[in-house]
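K.L.:
Below is a structure I'd like to ask you about.
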Amino acid sequence: MDIFMTITGWHWFGFALILFGLELFAPAAFFLWLGVAALFVAITTFALILLVPLQFVLFAILSLVVMWGGRRFYNQASGCQKSNHLNQRGLEMVGLVLTLERPIINGQSRITIGDSTWKILGADAAAGTEVKVTAVRGNALVVEALSHPLE
């Protein structure tokens, strides 16, 4: 029982190192944020004399704050945006402006986006015309012309 009454900053520092080590085996940076919170508690415990229950409360609060802040920072820094179009990649293309590589003839053509080739539907247009993806119909992208072809 005496050991729980004397938790020092070194204990929290060791716990942070264990959490950082666990991060190597677990995806999604979960243990990383907990390790950062434990490190903050270690630093605080070195600087101030805190009762053990207060240390655990501080760790719980810091864990939530650091996880929330870390996720938010990571998503902004990496440009990750949550998509509501899981397994519907075509819907992510809506609003994209492209230049036709091949003409649209009889309302149909194909276009390369990244490493994929997509069927496109729209009014007849010459190669070089800028088009905007306005909708998805099945596996085809529906486009409308924005400009005349470059000559």
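K.L.:
Once amide H atoms are placed 1.01 Å from N in the peptide plane, what residues at a sequence separation of 5 or more from residue 113, or on another chain, have their amide H within under 5 Å of its amide H?
P.N.:
Long-range HN contacts for residue 113: 118.
K.L.:
Report the calculated FRET efficiency for residue 65 and residue 127 (r = Cβ-Cβ distance, R0 = 41 Å), to the nearest 0.05.
P.N.:
Computed FRET efficiency for residue 65 and residue 127: 0.15.
K.L.:
With the contact rule set at Cα under 8 Å and sequence spacing of 6 or more, what percent relative contact order holds for the chain?
P.N.:
Dividing the mean separation by the residue count of the chain yields 15 percent.
K.L.:
With a 1.4 Å probe and all protein chains left in place, how much accessible area per residue does the chain have, in Å²? Write out the running numbers ahead of the final one.
P.N.:
Working: 10350 Å² over 151 residues.
Averaged over the residues of the chain, the accessible area is 69 Å².
K.L.:
On C-alpha positions alone, give me the angle between the axis of helix 9-23 and the longest principal axis of the chain, in degrees, nearest 10.
P.N.:
Approximately 30 degrees, to the nearest ten.
K.L.:
Now for a separate question. If I take all pairs of Cα atoms in the chain, what percentage of them are more than 25 Å from each other?
P.N.:
55
K.L.:
For the chain, find the longest principal axis of its Cα atoms and tell me its angle to the long axis of helix 30-47, 0 to 90°, nearest 10.
P.N.:
The answer is roughly 40 degrees.
K.L.:
Now for a different question. Could you calculate the FRET efficiency of residue 77 with residue 5 from 1/(1 + (r/R0)^6), where r is the beta carbon distance between them and R0 is 41 Å, rounded to 0.05?
P.N.:
Efficiency, from the Cβ-Cβ distance: 0.50.
K.L.:
May I pose another question? At 222 nm, what helix-only mean residue ellipticity would the chain give, in deg cm²/dmol to the nearest 500, using -39500 (n - 2.57) for each DSSP H run of four or more?
P.N.:
-14000 deg cm²/dmol
K.L.:
So, R0 is 30 Å and r is the distance between the beta-carbons of residue 134 and residue 26; what FRET efficiency does that work out to, to 0.05?
P.N.:
0.10
K.L.:
Another question about this same structure. Assuming 0.36 nm per residue, please report the length gained on full extension of the stretch residue 17 to residue 142 beyond their Cα-Cα distance.
P.N.:
39.7 nm
K.L.:
Taking the Cα atoms only, what angle lies between the long axis of helix 52-78 and the longest principal axis of the chain, rounded to 10 degrees?
P.N.:
Roughly 20 degrees between the two axes.
K.L.:
Right, next: Which value, in Å² rounded to 10, gives the accessible area of residue 117 with a 1.4 Å probe and all protein chains present?
P.N.:
It works out to around 70 Å².
The values are calculated or read from the model by the stated rules, or taken from the named source; none is laboratory data. Remember, it's a predicted structure, so these values are computed and weren't measured experimentally. In this analysis, Cβ positions are derived from the backbone assuming ideal geometry, glycine residues included, and neighbour counts consider all displayed protein chains. Note: accessible area is taken over every heavy atom of the protein model, side chains too, but ligands, DNA and RNA are not part of it. Shrake-Rupley method; radii C 1.70, N 1.55, O 1.52, S 1.80 Å.
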